[in-house]
Amino acid sequence: MNRRLFLRTAAIAAALLVGAGALLWGKRNDFGLGRNIEIAVNMMRELSLYYVDEIDPDHLMEGAAEGMVGDLDPYTEYMPEEQMSSFELLTTGKYGGVGALIRQKDDYVIIARPYKDSPADRAGLKIGDRIVAIDGEDARGLTTDKVSARLKGTPGSTVKVTVERLLDGSREEVTLRRERIAIPAVPYAGWLNDSIGYIQHSDFTEGCYEEMRAAVDRLRTEGNLRGLVLDYRGNGGGIMQEAVKILSMFVPKGTEVVSTRGRSEQKSYRTQSEPILAELPLAVLVNGNTASAAEIVSGALQDLDRAVLIGQKSFGKGLVQSTRPLGYNAYLKLTTAKYYIPSGRCIQAIDYSHSQQGEVKSVPDSLIREFTTAAGRKVYDGGGIIPDIRTEPEYISRFAVTLYALGFVEDFVDGYMRRHAGEPFDLKGFALDSATYDDFVAFMKDKKVPYESETRRALKSLRKAAEGERYTELDKRLEELEAEVRDDTQTNLETYRQEISETLENEIILRYAYSQGVIEHSLPGDGEVQRAVEVLSSPDEYRRITREQDTARK
């Protein structure tokens, strides 16, 4: 048997036995737990010693760990050492590198998006530039993972990258000094009119409060801030303590904004500083991808009658995760509690407590409970935050998504950038004209798009069902319906012209003005943003909603 494998297995076994001892002599003398830990150790030893082929103990451990958490909630997971860098990026938003997103295109990896003011951006790398060599070694055939690994590294170190420029095909070697790259948690802050500000907050990574505070301070310095829109659409959450800090800007010091309750802990979290915008009218935008810490902020502001919520029902993640060290730089991320917002409601949508019996359930309507806000308005639990003003979600067609996923949009815009190289660009006045869209239609003429409409899929299912049940008299009528359904590429390019035009427009703006430019350009046409402006511009409506209006029950 491989000696390294045996020693590693012995170390794991020893660690498990130490853990078992600590648990057995702790507060609970749990015989069942100790027995099963011993069985697991014995099983690993027997497999390591006697299985017909040599076994990788790390792989064995990962499989065992996945089995242990497989029947629990999806947020409890084993994280071996090699996954910790990715976990750190998720929680801190920081990594050592050159500051550019990359993607695969043919045999090479290309620049997909340089972060503004990053080493890659300062070196002049642009979207579409091809990475042909790294530190003198040919990069052809390398995957994005391999290229990413070579570009990342210790801050202060350097890497030489040879790129083939998109615009003119020339090759250039640039030396990039790696830095601690911080992905912005607040990608944009600006003005919707002369008195209403807007902040887009994308995640709750470490230090996002400082970014939010800086954005608020800048707006207060720039103009007469009389209302503020906080955009939490698509914000999947993150660190709960950052949510508490952000709420401290808007509610009185000492206000309880969230509490957690679990088997081993019950904690209350209160704001620790005086608010800087205690009376400023707020509107908060939410949708089905607003989750976790973003729901804490949104829900607490609603419960305290400090904001009008606009959009769609939020995701409903009311579970608290903590990390526990397991040794050898491995960790267990596990759910330890549920959180409750000021009205006393928990917004968790799914009950995982019976999942070991194969029953993962949503909260049934009969168990939805009523709560009240600080002003006495009715709000409800049962999963997610129900906004005060509900809007219909805007969906992009599968056809448009397919065009983007296949790279046709980016390929066309690459050509557009070459044709318009050196021309001035006006963000505020830019709009995709009909001639450019017609060029895209012509560009797509010889392209195959594997797309089938939902209508045609439904007709196929109906035909299959009719044949199975021998409704032969429907054949002719189904043929007529199928003939009327046109979902060929050229027809769809016209059917979905508006949203495809917007996609092309945003891709072009991204090349000139980064993601901040895309956000700024989209705000005037964003229906939920404009609804927020209307509410904040009407003190009577704002007061009525935050003092009198109940939310819907579901």
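Would you work out what percent of the accessible area of the chain, with all protein chains in place, is carbon or sulfur (probe 1.4 Å)?
Details: 14650 of 29460 Å².
C and S atoms contribute 50 percent here.
Measuring only protein heavy atoms, the 1.4 Å probe finds K126 accessible over about 100 Å².
Which of rounded, prolate or oblate describes segment 411-554 when judged by the alpha-carbon gyration tensor and an a/c cut-off of 1.5?
On the way: a/c = 3.79, a/b = 1.25, b/c = 3.05.
Note, shape of segment 411-554 comes out oblate.
Placing dummy labels 7 Å off each Cα toward the beta-carbon, the span from R150 to E541 is 5.6 nm. Identify, among S195, L151, I181, the residue whose Cα sits farthest towards the positive end of the charge dipole of segment 148-237, taking +1 on the Cβ of Lys and Arg and -1 on the Cβ of Asp and Glu, with the dipole about the Cα centre. Of the options given, the answer is L151. For segment 378-417 versus segment 526-551, the spacing of their alpha-carbon centroids is 24 Å. Note on segment 417-533: Lys pairs 8 or more places apart or on different chains, Cα atoms under 27 Å apart, count 6.
Mind running the shape call on segment 242-311? Use the C-alpha gyration tensor, a ≥ b ≥ c as the square roots of the eigenvalues: rounded below 1.5 for a/c, prolate if a/b tops b/c, oblate otherwise.
On the way: a/c = 2.40, a/b = 1.16, b/c = 2.06.
In terms of gyration-tensor shape, oblate.
Per-peptide packing, taken as the mean over residues of other Cβ atoms within 10 Å, places 98-105, 57-64, 432-439 in the sequence 98-105, 57-64, 432-439 from highest down. For a paramagnetic label modelled on A278 (point 7 Å from Cα along Cα→Cβ), amide N atoms under 20 Å away belong, within segment 517-548, to 543, 547. Model label points for L474 and Q530, set 7 angstrom from Cα along the Cα-to-Cβ axis, are 4.2 nm apart.
How long are the three semi-axes of the equivalent ellipsoid of segment 182-276, in whole Å, if each is the root of 5 times an eigenvalue of the C-alpha gyration tensor, listed from largest down?
Values: eigenvalues 137, 51, 22 Å².
After diagonalising the Cα gyration tensor, the semi-axes are 26, 16, 10 Å.
Probing with 1.4 Å while keeping every protein chain in the model, the per residue accessible area of segment 120-212 equals 48 Å².
If both residues of a DSSP beta bridge must be in the chain, then about 75% of such bridges are antiparallel. Based on the Kirkwood radius over alpha-carbon pairs, what value in µm²/s does the Stokes-Einstein equation return for the translational diffusion coefficient of segment 193-352 at 20 °C and 1.002 mPa s? Diffusion coefficient, whole number: 132 µm²/s. To make sure I understand the rule: partners must be aspartates and glutamates, Cα under 14 Å from the Cα of K253, and not fewer than 8 residues away in the same chain. Which ones qualify? Within the straight-line cut-off, K253 pairs with E274, E279.
Were the residues from K267 through L101 laid out at 0.36 nm apart, the gain over their Cα-Cα distance would be 55.8 nm.
This structure gives volume of the Cα convex hull per residue in Å³, computed directly, and of [x] 269; [y] 239; [z] 149 that value is listed as [y].
With each label modelled as a point 7 angstrom along the Cα→C-beta vector, the R177-E499 pair spans 4.6 nm.
The values are calculated or read from the model by the stated rules, or taken from the named source; none is laboratory data. Worth saying up front: this structure is predicted, and the values here are computed from it rather than measured. Glycine also receives a Cβ, built like all others from the backbone with ideal geometry; neighbour counts cover every protein chain displayed. These accessible areas exclude ligands, DNA and RNA; they are computed on the full protein's heavy atoms, side chains included. Shrake-Rupley method; radii C 1.70, N 1.55, O 1.52, S 1.80 Å.
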